[in-house]
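Peer 1: Handing you this structure, nothing more for now.
The values are calculated or read from the model by the stated rules, or taken from the named source; none is laboratory data. Computed from a predicted structure; not experimentally measured. Methodologically, a virtual Cβ is constructed for each residue, glycine included, from the backbone with ideal geometry; neighbour enumeration extends over all protein chains shown.
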Amino acid sequence: MYALKDSTVPPSRSSTARPTRATLRTRPRIQRTFIRSWEYIRPIRVTILAIRLLVVLWLVVLGAGLMSAGHTWGWILLPAAVAVLAVSVWMFSTAAKGVTGG
């Protein structure tokens, strides 16, 4: 969808396969901004997602704790947690598609 497919080289399905620099240049600017080339490596991608999910959990717990203590500005952490979750899942799935050429 984002890049032209080259029929001269068979696609690699290896977990360490990464798109070429030329392929990455054809991606939309938002994808090139948020997803670095090393995030296409599956173990690193999974580790980064796990860390981001821990941050989401921390934001939810902190927001709930602040709200239960009577601090109304703790409500702002819940939409922030949802935003971090949405961006994290988008980055993970987009990087996964970049490896397979999807």
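Peer 1: Please work out if Phe92 is hydrophobic (A, V, I, L, M, F, W, C), under 11 Å from the mean Cα position of the chain (by Cα) and modelled with pLDDT under 65.
Peer 2: no
Peer 1: Oh, and also: Of the residues that make up the stretch 91-98, is at least one touching a helix residue (DSSP H, G or I) at 6+ places or on another chain (Cβ under 6 Å), among the basic types (Lys, Arg) and in a helix (DSSP H, G or I)?
Peer 2: No, that holds for no residue.
Peer 1: Within the stretch 22-61, how many residues are modelled with pLDDT of 80 or more and among the charged types (D, E, K, R)?
Peer 2: Number satisfying all stated conditions: 1.
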